[in-house]
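Student: Below is one structure. I have some questions about it.
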Amino acid sequence: MDRELHDALQRKQAPDDLADRVLARINSGTQPQGGTQPARAGAGANPVLRWLAAAAVLAITVGGAERYYTQQQQAAETARVKEELRVALQITNNTLARVQDKISQPADARGR
Amino acid sequence: MKATLRATFAIAVFTLLIPVAASAQDGKLNLSFLDRLAERATEKQEVTLDEQMLRSVAPGILKPGPGADAARQALSGLRGVYVRNYEFDSDKAYSMDDIAAIRKQLSAPGWMKIVSNEEKGKGPNDWELQEIYFFKQQDGKSGGIFIINAEPGELSVVNIVGTFDLSTLGALGGVLGIPHNIGNSVR
């Protein structure tokens, strides 16, 4: 057992043409036969599908951003109108109170 | 030729009068006459909310809670809220003549004066005016209100358009954080 293990792990010299073969394979762009990496399939294998996927992601991102921006705009507009309405009703309240004061005062009290 | 010119002139005048007539029928007054006073004011608050603005933000304003139903009813009846509030650093900043153009509009059919207090003292700046008008639509329903408080150095004008009463406005004010006393003084 020890002997077999020793033989198996024994350092071996690489073939002389290994570097040339690796470089040739890289330059040719081919995948090694029977390698451990599975061949990629689906969208990644097709450039058109890859671009379509990227466009879809971009569209979803832009759409989401636009929707978020619209919602923020709507919220800001609602807050603005709410504040203006509050101011308007406050002034209405004050003006009515002022009119009430004036008409309830006797003329003498008004100093005229 | 003369008849054609006359007809053209009549059509032009009629076309110009249509917006005025329409404005007079819905309780909305033309407050643009106050723009020149706004330029002289040291402090001013101006609110212009038309029906479209009020409708578009109504769901966001009215959250569920106490008084929400009454406030929703008030808001649904509003077709416009126009407020001008000016303060001046001089008692001579404006006179009754400056607000005459607005008051003249209140002589149109439908407007009824319900409160009036006009005082004139001895001096040229010793005057003041408080008035409240209601606008009654052709179907008999209220179509708006106009409130003015004019004193030397201070002018407040309120024109609220729509079908409402002041108590429902009070409910709306309550939702917006204003005490429920709008309209108590004239009810």
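The values are calculated or read from the model by the stated rules, or taken from the named source; none is laboratory data. Bear in mind that the values here come from a model prediction, so they are computed numbers and not experimental data. Quick reminder, even Gly has a Cβ in these numbers, built from the backbone with ideal geometry, and neighbours come from all protein chains shown.
Student: Of all the residues that make up region B:36-69, how many are exposed (fewer than 13 other Cβ atoms within 10 Å of the Cβ) and either touching a Leu at 6+ places or on another chain (Cβ under 7 Å) or within 22 Å of B:Trp111 (Cβ to Cβ) (or both)?
Tutor: 0
Student: Can you work out which of the residues in region B:74-98 that are surrounded by fewer than 21 Cβ atoms within 10 Å (Cβ to Cβ) and among the hydroxyl-bearing types (Ser, Thr, Tyr) is farthest from B:Gly170 (Cα to Cα)?
Tutor: B:Ser90
Student: If only one of B:Gly140, B:Gly121 is exposed (fewer than 15 other Cβ atoms within 10 Å of the Cβ) and within 8 Å of chain A (Cβ to nearest Cβ), which one is it? Step through it out loud before you land on a result.
Tutor: On the way: B:Gly140 fails: within 8 Å of chain A (Cβ to nearest Cβ).
Of B:Gly140, B:Gly121, the one residue that is exposed (fewer than 15 other Cβ atoms within 10 Å of the Cβ) and within 8 Å of chain A (Cβ to nearest Cβ) is B:Gly121.
Student: Residues of region B:38-49 being in contact with a Lys or Arg (Cβ under 8 Å, 6 or more places away or on another chain) and more than 10 Å from every other protein chain (Cβ to nearest Cβ), which ones?
Tutor: Correct list: B:Ala38, B:Lys44.
Student: Let me ask something else. Please determine, by comparing only the residues of region B:114-142 that are in contact (Cβ under 8 Å) with a residue 40 or more places away in the chain, in contact with a helix residue (DSSP H, G or I) (Cβ under 8 Å, 6 or more places away or on another chain) and outside any loop (DSSP other than H, G, I, E, B), which one is nearest to A:Leu85 (Cα to Cα).
Tutor: In this case the residue turns out to be B:Ile132.
Student: Now, a different point. Residues of region B:153-179 being at pLDDT below 90 and not aliphatic (A, V, I, L, M), which ones? Before the answer, list the steps.
Tutor: Restricting attention to region B:153-179, the residues satisfying the condition of being at pLDDT below 90 are B:163-179.
Within region B:153-179, B:Thr163, B:Phe164, B:Asp165, B:Ser167, B:Thr168, B:Gly170, B:Gly173, B:Gly174, B:Gly177, B:Pro179 meet the criteria.
Student: Does B:Ala41 satisfy being modelled with pLDDT of 90 or more, under 20 Å from the mean Cα position of the chain (by Cα) and farther than 30 Å from B:Thr168 by Cβ? Walk me through how you get there before you give the answer.
Tutor: Details: modelled with pLDDT of 90 or more: yes; under 20 Å from the mean Cα position of the chain (by Cα): yes; farther than 30 Å from B:Thr168 by Cβ: yes.
The answer is yes for B:Ala41.
Student: So, in region B:86-113, how many residues would count as being assigned to a loop (DSSP other than H, G, I, E, B) and not basic (Lys, Arg)? Break it down stepwise before answering.
Tutor: To start, the set of residues in region B:86-113 that are assigned to a loop (DSSP other than H, G, I, E, B) comprises B:88-95, B:106-110.
Retained after the next criterion (residues that are not basic (Lys, Arg)): B:88-91, B:93-95, B:106-110.
Number satisfying all stated conditions: 12.
Student: Could you count how many residues in region B:143-154 are more than 10 Å from chain A (Cβ to nearest Cβ) and either in a strand (DSSP E or B) or within 8 Å of the chain's Cα centre (by Cα) (or both)?
Tutor: Just the residues of region B:143-154 that are more than 10 Å from chain A (Cβ to nearest Cβ), to begin with: B:143-144, B:146, B:150, B:152-153.
Adding the requirement that they be either in a strand (DSSP E or B) or within 8 Å of the chain's Cα centre (by Cα) (or both) leaves B:143-144, B:146, B:150.
Selection size over region B:143-154: 4.
Student: Would you mind stating whether A:Thr70 is more than 30 Å from B:Arg72 (Cα to Cα) and either part of a helix (DSSP H, G or I) or modelled with pLDDT under 90 (or both)?
Tutor: So A:Thr70 does not fit the description; no.
Student: I've got another one for you. May I ask you to list pairs of residues, at least six apart or on different chains, whose Cβ atoms are under 7 Å apart, with the first in region B:147-162 being at positive phi and the second being surrounded by 22 or more Cβ atoms within 10 Å (Cβ to Cβ) and part of a strand (DSSP E or B)?
Tutor: From region B:147-162, the pairs are B:Gly162/B:Leu78; B:Gly162/B:Gly144.
Student: Across region A:82-98, which residue is nearest to the chain's Cα centre (by Cα) among those that are surrounded by fewer than 20 Cβ atoms within 10 Å (Cβ to Cβ) and more than 14 Å from B:Gln45 (Cα to Cα)?
Tutor: Out of the qualifying residues, it is A:Lys82.
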